[in-house]
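Read through the structure below, which is laid out as structure tokens, and then see the notes.
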Amino acid sequence: MTSDEIRAEAGAWLDEHWSPDRPLLEWRNLVIDAGWAAPHWPKEWYGRGFTLEQTDLVEDVFNERGAVPAAKIGPRRLASETILACGSDDQKRRYLRPILTGEHTWCQLFSEPGSGSDLAGMTTRAELVGGGWVLNGQKVWNTSAHHADFGLLVARSNWDVPKHQGISYFLLDMRQPGVEVRPLRQMNGHQSFNEVFMSNAEVPSEDLVGEEGGGWHVATTTLSFERRGFGRRPTGEGIQGSHDGKIYREYAEEVALATEPYTWYPQREGRVDLVVPRARETGTIQDPAVRQEIAKLLCLSRGASLASAAAEAKRKAGTTEIIPAGSIGKLAASVIARQASHVHTLISGADAMVRGPESAQGGVIAEVLVSVPAISIAGGTDEIQRNIISERVLGMPKGHRADKGPFRDIPRN
Amino acid sequence: MTSDEIRAEAGAWLDEHWSPDRPLLEWRNLVIDAGWAAPHWPKEWYGRGFTLEQTDLVEDVFNERGAVPAAKIGPRRLASETILACGSDDQKRRYLRPILTGEHTWCQLFSEPGSGSDLAGMTTRAELVGGGWVLNGQKVWNTSAHHADFGLLVARSNWDVPKHQGISYFLLDMRQPGVEVRPLRQMNGHQSFNEVFMSNAEVPSEDLVGEEGGGWHVATTTLSFERRGFGRRPTGEGIQGSHDGKIYREYAEEVALATEPYTWYPQREGRVDLVVPRARETGTIQDPAVRQEIAKLLCLSRGASLASAAAEAKRKAGTTEIIPAGSIGKLAASVIARQASHVHTLISGADAMVRGPESAQGGVIAEVLVSVPAISIAGGTDEIQRNIISERVLGMPKGHRADKGPFRDIPRN
Amino acid sequence: MQTEFSKEQQLFREVVARALRDKSPTDAVRELMASERGYDPAVWQELCGEVGLSGIHIPEAYGGAGYGQIELGIVAEEMGRTLYCGPFFASAVMAASALLEAATDVQRQTLLPGIASGETIATLVVDDLNDLTRVGSSILDKDGGLSGVAPIVLDAHVATILIVVAGSDDGGALYSLGPQDGGVSVEPLEELDPTRKLCRVTLDKASGTKLGEVSDAALNRIWDHVSSALAHEMIGGAQRLLESTVEYTLVRYQFGRPIGSFQALKHRCADLLMEIEIARALVHHAARCLDAVEGEPYAASMAKAAAADAYMSAARAAIQLRGGIGFTWENDTHLWFKRAKGSEVLCGTPTIHRERMMSLLEAAS
Amino acid sequence: MQTEFSKEQQLFREVVARALRDKSPTDAVRELMASERGYDPAVWQELCGEVGLSGIHIPEAYGGAGYGQIELGIVAEEMGRTLYCGPFFASAVMAASALLEAATDVQRQTLLPGIASGETIATLVVDDLNDLTRVGSSILDKDGGLSGVAPIVLDAHVATILIVVAGSDDGGALYSLGPQDGGVSVEPLEELDPTRKLCRVTLDKASGTKLGEVSDAALNRIWDHVSSALAHEMIGGAQRLLESTVEYTLVRYQFGRPIGSFQALKHRCADLLMEIEIARALVHHAARCLDAVEGEPYAASMAKAAAADAYMSAARAAIQLRGGIGFTWENDTHLWFKRAKGSEVLCGTPTIHRERMMSLLEAAS
């Protein structure tokens, strides 16, 4: 199908069916049945077998008409893509539709206090008892876990094999007594994450994804969707605010709930956009020492975005070169955020001691100063990125591994 | 003996014996026999069993009277101290006196092209053939080797034991057909070092120092003298130039020969002393961006020298704390030299493209720019210093070692 | 000029360190930083009255112990280690320094004994905490009273007396005011570093007592003394962070080994140690220069610039090497991070101090 | 505005790279850098006449190929990789840029075809290689001739024509002179980077041909074009150093393993790659902005500043990671190190370009 045909067909369908007066759930079921909810999915699972670019066109048409899309925001997107890629038909049948309708929300239960950079070093225990799985352990950094219905969970089911081989992947019902969710506060005051404690939490055997011991492969599938940006940022945001009506309110609530953990993310990136305006406002743009630092920041920031665009262009052109864009971009983001924080500090001077609504930019600058430390940790530390770049891009050898052999014997906390 | 007694006795002896009209060799033999050549050595070996501080007093008295001291400059000092500490009586008898008289010059033959940071990875081969040792291999970075009579040599005599255990330490006669010395030019144009090639060079069995296989211990003894500054810098320099006469000319030649390789050493440290004068001369001291960089440099430079003085004071006070002064000072010297080079670049601007007598400070600034890369390599790279600091001072664990087991089996170039 | 600590000073440091370890543990810091008052009056009285910390550098003639900036530095350094919460820096450092430099002898005799004993809590009210020599841009003595705004004042909400630097047609002068006096308004601010409380002070024709003239040279000396003490505080905090961070890397395992065995982390800690050692040497040197009235005229600015940079390096490394856990509220690291950030900009950023260094260097040449 | 290289440009790069690999191997560089002339006329003629490099960016009307800064950048980048020794930068970049911006059409038609074919070797004579807009501080057109000193001029010893920027009572203008003309003296200098030859040019009432007026805006455009080409040259050198350094760490064993397996070295190389990728993106962007006459007015300064810093980072790492061997004359690394250092300060240090960036940013706002 050509782009025009897709736009025409989606537009015609919306002309016929879209009405802001429908209840949200009813509307979404209509969208799903018509194959517009996830057009890149296969036809047997609510989709149309579109490419991602074709799917973007459909989203554009929905956006233009102000039509509420299927639920795609937040970790639920990771869940649906993972289940579609690795789940059983039974799992697809039970879970995909309520994700698209928005009835179910999901969370990701991967990291643990003892396994951060070393994700595969997890020690949450999965034991087969009777016909089902019993889970014990603790997860952390779980966005949305406090309101999620289900969780994507990895746990160790075999301690006698090397660490990547003893992991299994589960779909966990969060609404059970064995699961306790506690909010986790960050140093910037936000509570964007949770800790999740499992004490004899139960997972029926049909909610194991893939094979027992095959969970690492499924987990990397989820992570690759995360890296490709699925579920990271909300879509359809443009619709909010510009329309009135119950369906919009329901949708706005859903979006707000899913995006709430991310409100400080622009601050952790350093708010480069505010640097020159702040320097002008304070007059520090006249200070040659400050000008040097601003100029360094602008070079870094502009250069990194140009480099990332160039890498993307090469990727699209189907290059065979190893494209280091992901890790390099992530590492550059850390450098940029640190320099931005440094420059904001120089610009504010003593005023940087004050935070809150009455402080610079309504508190945004203060939030930058206490949020940037996260950028070089979350989603893979700078150290991990440098390992990846040096090994995968530059071809430098891996160092000695101290974590071979049965997991049981590996030194750990 | 009190300080005053030492000064009085040395003074009285000089009053009686010192005369600039004596030939150098005759004079030094007198000094040696009187026990003033190396007063910190034991009485049976030309000394008086003085402490190093007492020995400094004697040197002061010689200096004050303009009396030429024993030969102590350059690697010969490392040779005499090592032989005294680890050599046989026979070796002491044969080698110590001609070192003190200046008749013999020495060089150090430790580093190899294939063993730089990893000094103990040397592959120069020592084989016992008949009653003597036959040496084959290559050494590098050998200051003074082009005029040395003898060399302090380490070589591998056993390939079937772990690497530190198969090394032997030899006194090599440089004046033999099996030894070829080639000058090595550095990127700054100086030729301060040599390469030394050994093709069936011979060492009689009585010139093995210590046991076969015990050479690493002897080598660390030499290195510890080197770290403590023995032989690094000339002593008695004050005497030169201020006096006339044959003995002074002979002595001046000896000093010049020994110190020639070190003329660019101040430049490799960055010539911090020239920064403010140059900035004033060029007017760049008015440039706020340059001022920031100068101020950073002054903080680093002043702070490092204060830190080193504080560590020295603590050491003298006999602290039990681990004093990281050596490696920290060495690492700081690298940071300072780099910043100094950066600042000199900013100050000179386009003029930094020019070198030679007509360029800034008669070429000294240009020499700084092409000499500072050496400071973070020579005498142990920055990387090695950071390893030492983190392991010995901060107590952080060593990483995995890939060079255990028989040397023969260790991967190498 | 002193070049090392005397036995007596080392002993004094041990006493101070022990007192602060006891009186300012991290759970007390967390409690006080969440409180409005921000300090514990009982601990304050104990540290000032019994241990005598707030008068350590105040001459005996004014009720103090008669020691100098070296001893004040020892106190500040140990307070920085433990993040002691209290108006020490506002009262004993900032206000007392100003009084010592610019108040008449009579006024010193009146005001300093209370500060030395801790019964008086004073604070310094100035136009611009970026540059203590900047006088007359806001607070002025004219039309029969003091008027103007001091946008940031330390601990003014608990001060019993405000020491104000104001401009006038005759140049700058020092004044004292009661915080409850007419025309004085004290509003608390939200602090980035909640372990150091801040307020905005607005004066509207307030009638202060003039304590003495304050010359530009005196303002520079006040700035030097305050910078030296603050640099000590910072280096104490930086050292604590280095220690706790190295310790963490030894007990935290990832990939089957303590993370402290990874070369990247080892080298970062080594670099940090070097940066802290250099900064500490400059910090101790600054106090010695001030006490001996010799050495570089910019010694205090070197100390403030180097200590601030080292503290921020330590704070960044402390969070980074702990990974996610270091970014949580529950983990204590952010308390030091915020103190580092707040101190970096208090009384001049490193950039400002480096510029000041060069001005003083050129002025002296 | 172009955002990626066209197929044709990629092909062109391959042609240029192959030619330079053949014609400028390192042993040729070493030979030429030790020679007085500093370049090989046969290679020069081949690269200019046959491959057409020196006219690539010169309009067809003036005997060139009619391409732009992107193609000129490709040439410069590949020359930087191989450290090509020759008067390309002096003639095709500096002098040609000045003529294109400031000479009359007749003069361009007279002078540019020779530069494009390589038969003419031109160079640009200016007062101050730190700031190309600084005109009138030394060389002046007055009293019936050009007088003054240009302390550093590239390749003047082999130039067949000097293009001089001189001040006068009527503002700046461009002149041409023969190096053998009366009142012209060319003295060779000793270069820190012997792969780029330098001279001092002294004019004493020399009678030049006036080629056109040169405005401040034109001088800024000349500076932009020269900076863009130089930034390309630098990024080519930096990339070459990164590649050769990583390669070295893979084959050099210490402690029983390739040194490239040590995390400290891996991370340094990763950081360097990032710095180079960012700088390269800015460099390519600068040429595209210049060709399209859009984008940030300070794009060329961003490129020059970032490329210079990246090249010096690469040069420092290249020596450090090789250890002692990297500091020897025999090893080739120092050739690139010296080119990096010389290029860092040619036509403005990174500090100067960052200040210029901010001026242009504020002027545009």
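The values are calculated or read from the model by the stated rules, or taken from the named source; none is laboratory data. What you see is a predicted model, and the numbers here were worked out from it, not measured in a lab. Virtual Cβ from ideal backbone geometry, glycine too; neighbours counted across all protein chains shown.
Couple of notes before you dig in:
- Being part of a helix (DSSP H, G or I), modelled with pLDDT of 95 or more and charged (D, E, K, R) holds for only one residue in C:Arg37, C:Arg81, and it is C:Arg81.
- Only residues that are at the interface with another protein chain (Cβ under 7 Å from one of its Cβ atoms) and in contact with a strand residue (DSSP E or B) (Cβ under 7 Å, 6 or more places away or on another chain) were counted across the range B:394-413, and they come to 5.
- Yes/no for A:Lys92 being in contact (Cβ under 8 Å) with a residue 40 or more places away in the chain and outside any loop (DSSP other than H, G, I, E, B): yes
- Residues located in the range D:50-73, provided they are of a type in the set (Gly, Ala, Ser), in contact with an Asp or Glu (Cβ under 6 Å, 6 or more places away or on another chain) and either assigned to a helix (DSSP H, G or I) or without any contact (Cβ under 8 Å) to a residue 40 or more places away in the chain (or both): D:Gly66
- Residues located in the range A:354-377, provided they are at the interface with chain C (Cβ under 7 Å from one of its Cβ atoms) and under 21 Å from the mean Cα position of the chain (by Cα): A:Pro373, A:Ala374, A:Ser376, A:Ile377
- Checked against (1) crowded, with 23+ Cβ neighbours inside 10 Å; (2) under 18 Å from B:Pro397 (Cβ atoms); (3) among the hydrophobic types (A, V, I, L, M, F, W, C), C:Ile235 passes all but condition (2).
- Reported count of residues in the range B:263-283, each being more than 10 Å from chain C (Cβ to nearest Cβ), buried (at least 20 other Cβ atoms within 10 Å of the Cβ) and assigned to a helix (DSSP H, G or I), is 6.
- Looking across the range B:162-217, the residues that are assigned to a loop (DSSP other than H, G, I, E, B) and touching a helix residue (DSSP H, G or I) at 6+ places or on another chain (Cβ under 7 Å) come down to B:Gly166, B:Met187, B:Asn188, B:Ser192, B:Gly210, B:Gly213.
- All conditions in (1) surrounded by 19 or more Cβ atoms within 10 Å (Cβ to Cβ); (2) over 23 Å from the mean Cα position of the chain (by Cα) hold for B:Ala38, with the sole exception of (2).
- For the range B:40-62, the criterion of being among the small types (Gly, Ala, Ser) and touching a residue at least 24 places away in the same chain (Cβ under 8 Å) is satisfied by no residue at all.
- The criterion of at least 2 residues that are surrounded by 21 or more Cβ atoms within 10 Å (Cβ to Cβ) and either of a type in the set (Phe, Trp, Tyr) or under 21 Å from the mean Cα position of the chain (by Cα) (or both) is met by the following strands (runs of 3 or more DSSP E) wholly inside the range D:98-194: D:122-125, D:145-154, D:161-166, D:173-177.
- 1 or more residues under 25 Å from D:Ile70 (Cα atoms), in contact with a Lys or Arg (Cβ under 8 Å, 6 or more places away or on another chain) and among the charged types (D, E, K, R): qualifying helices (runs of 4 or more DSSP H) within the range D:262-347: D:333-345
- Of residues in the range B:381-393 being part of a helix (DSSP H, G or I) and among the polar types (S, T, N, Q), the one nearest to the other protein chains (Cβ to nearest Cβ): B:Ser390
- Number of the exception - A:Ala374 against (1) at pLDDT below 95; (2) in contact with a Lys or Arg (Cβ under 7 Å, 6 or more places away or on another chain); (3) small (Gly, Ala, Ser): (1)
- Close contacts from the range C:2-30, counting a first residue that is within 26 Å of C:His285 (Cα to Cα) and touching a residue at least 60 places away in the same chain (Cβ under 8 Å) and a second that is in a helix (DSSP H, G or I) and not aliphatic (A, V, I, L, M), with Cβ to Cβ under 6 Å and a gap of 6+ residues or different chains, come to C:Gln2/C:Arg288; C:Val16/C:Glu78; C:Ala17/C:Glu78; C:Leu20/C:Glu78; C:Leu20/C:Thr82.
- Exclusive hit being crowded, with 24+ Cβ neighbours inside 10 Å and of a type outside the set (Ser, Thr, Tyr), set A:Ala340, A:Ala360: A:Ala340
- Residue in the range D:240-255 that is more than 8 Å from chain B (Cβ to nearest Cβ) and either part of a loop (DSSP other than H, G, I, E, B) or more than 30 Å from B:Phe193 (Cβ to Cβ) (or both) present: no
- The range C:293-304 residues that are more than 15 Å from C:Met1 (Cβ to Cβ) and facing another protein chain (nearest Cβ under 8 Å), paired with ones that are outside any helix (DSSP H, G or I) and among the small types (Gly, Ala, Ser) (beta carbon under 6 Å, 6 or more apart): none
A quick yes/no check of all residues on (1) more than 30 Å from A:Ala289 (Cα to Cα); (2) more than 8 Å from every other protein chain (Cβ to nearest Cβ); (3) buried (at least 21 other Cβ atoms within 10 Å of the Cβ):
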{"position": "D:Phe327", "(1), (2), (3)": "yes, no, yes"}
{"position": "D:Lys338", "(1), (2), (3)": "no, no, yes"}
{"position": "D:Glu344", "(1), (2), (3)": "no, no, yes"}
{"position": "D:Cys347", "(1), (2), (3)": "no, no, yes"}
{"position": "D:Leu360", "(1), (2), (3)": "no, yes, no"}
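- Of all positions in the range B:315-325, none carries a residue that is surrounded by 24 or more Cβ atoms within 10 Å (Cβ to Cβ) and either within 11 Å of chain D (Cβ to nearest Cβ) or among the hydroxyl-bearing types (Ser, Thr, Tyr) (or both).
- Number of the exception - B:Ser305 against (1) buried (at least 19 other Cβ atoms within 10 Å of the Cβ); (2) facing chain C (nearest Cβ under 10 Å); (3) at pLDDT 90 or above: (1)
- Among (1) in contact (Cβ under 8 Å) with a residue 12 or more places away in the chain; (2) facing another protein chain (nearest Cβ under 8 Å), the one test that D:Gln263 misses: (1)
- Every residue from the range A:126-145 that is more than 14 Å from chain C (Cβ to nearest Cβ), farther than 13 Å from A:Phe197 by Cβ and either without any contact (Cβ under 8 Å) to a residue 40 or more places away in the chain or not aliphatic (A, V, I, L, M) (or both): A:Glu127, A:Val129, A:Gly130, A:Gly131, A:Gly132, A:Trp133, A:Ser144
- Given (1) surrounded by 24 or more Cβ atoms within 10 Å (Cβ to Cβ); (2) out of contact with any Pro (no Cβ under 8 Å at 6 or more places or on another chain), number of the condition B:Gly74 does not satisfy: (2)
- Inclusion of D:Val283 among residues that are touching a residue at least 24 places away in the same chain (Cβ under 8 Å) and within 14 Å of chain B (Cβ to nearest Cβ) is not warranted.
- Qualifying residue in the range B:97-110 (condition: small (Gly, Ala, Ser) and in a helix (DSSP H, G or I)): no
- Test: residue in the range A:330-343 that is of a type outside the set (Asp, Glu), in contact with a His (Cβ under 7 Å, 6 or more places away or on another chain) and either more than 9 Å from chain D (Cβ to nearest Cβ) or in a helix (DSSP H, G or I) (or both): no
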